[in-house]
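Working notes for the structure below.
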């Protein structure tokens, strides 16, 4: 198994590589369910955190392809096998409202990765840049995700 | 109280606090709505095995609670420009989470837009900080040199 330093270097090599995904049309039902689950009234536009909170836009992995913790393909193709990934917060810029039927295109890239030493051992801090736009290229939301990747805790 | 215009906002203004008690049902529905299958949010035995007292409130749901606070204060005529938060402490169902905020800056940008910056905090009843955040909102102006952009 590669050391955290090696994983850090592998992730660093991805900086600047952009992955483009067509997420398809957003449905009012989906973003209104998000609003209701978050404790808010459903509205005609998507809640601000809808696009950046949804972890999957397709059918998703089969059950036997999931990790023991239930996570699937949330690492956006990064070489983070065997690490525990935690969302540590986001920074977002809002450009235009997202409405029922808006076809969303997402561009994902690694913006930065650093190896840090914490009280319970080393960990990686990864900043992922996700730019959401409509099909004509009009920006909707820009999101910087702060992710923490730690080695599995010893059992 | 919701300010009517940019000119009604001053630095130091406190946002109306919002108190939320998340439930296991809310966490389950939020996981479903976000297609998040991580067991830490619905499998108590798994969460306890990981060293937590109960299933955990999702990172993004903490963000939603802070946003609800600032948007409720700002009202429908304000437009959210920027928002960010950090997850610093865990929360579990039944915790009483109180979100507060204060206006930290008011400025007019080069285009004449009235921008208001807020610092936000979500804390548990014992005072533990769960999530700090910041937001930038554009408010309509009364002075006429700014454009009132509909949300």
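Things worth noting here:
- When residue B:20 is tested against (1) within 8 Å of another protein chain (Cβ to nearest Cβ); (2) without any contact (Cβ under 8 Å) to a residue 12 or more places away in the chain, only condition (2) is not met.
- If you go through segment A:24-50 and keep only what is within 23 Å of residue B:24 (Cα to Cα) and not in a loop (DSSP other than H, G, I, E, B), you end up with A:29, A:30, A:31, A:32, A:33, A:34, A:35, A:36, A:37, A:38, A:50.
- Taken as a whole, the condition of being surrounded by fewer than 13 Cβ atoms within 10 Å (Cβ to Cβ) and either touching a strand residue (DSSP E or B) at 6+ places or on another chain (Cβ under 6 Å) or on the phi < 0 side of the Ramachandran plot (or both) does not apply to residue A:52.
- Test: residue in segment A:68-77 that is within 14 Å of another protein chain (Cβ to nearest Cβ) and in contact with a helix residue (DSSP H, G or I) (Cβ under 6 Å, 6 or more places away or on another chain): yes
- Candidate set from segment B:64-100 (those that are crowded, with 22+ Cβ neighbours inside 10 Å and within 16 Å of residue B:29 (Cα to Cα)); member that is farthest from the other protein chains (Cβ to nearest Cβ): B:65
- The lone exception for residue A:50 - which of (1) free of Cβ contacts under 8 Å to residues at least 40 places away in the same chain; (2) touching a helix residue (DSSP H, G or I) at 6+ places or on another chain (Cβ under 7 Å) it fails: (1)
- Residue B:116 satisfies every condition listed in (1) closer than 19 Å to residue B:130 by Cβ; (2) touching a residue at least 60 places away in the same chain (Cβ under 8 Å); (3) within 16 Å of the chain's Cα centre (by Cα) except (1).
- For segment A:78-108, taking the residues that are touching a residue at least 60 places away in the same chain (Cβ under 8 Å) and assigned to a loop (DSSP other than H, G, I, E, B), the one that is surrounded by the most Cβ atoms within 10 Å (Cβ to Cβ) is identified as A:102.
- The condition (being closer than 26 Å to residue A:111 by Cα and within 14 Å of chain B (Cβ to nearest Cβ)) is satisfied by just one residue among A:54, A:11, A:36, A:18: A:54.
- Scanning segment A:97-108 for residues that are more than 9 Å from chain B (Cβ to nearest Cβ) and within 20 Å of residue A:45 (Cα to Cα) yields A:98, A:99, A:100, A:101, A:102, A:103, A:104, A:105, A:106.
- Among the conditions (1) surrounded by 17 or more Cβ atoms within 10 Å (Cβ to Cβ); (2) part of a loop (DSSP other than H, G, I, E, B); (3) touching a strand residue (DSSP E or B) at 6+ places or on another chain (Cβ under 9 Å), residue A:70 misses just one, which is (3).
- Segment A:78-96, residues that are modelled with pLDDT of 95 or more and at the interface with chain B (Cβ under 7 Å from one of its Cβ atoms): A:89, A:90, A:91, A:92, A:93, A:94
The values are calculated or read from the model by the stated rules, or taken from the named source; none is laboratory data. Not measured: the values here are computed from a predicted model. As a convention, Cβ positions derive from the backbone with ideal geometry for all residues, glycine included, and neighbour counts pool all protein chains shown.
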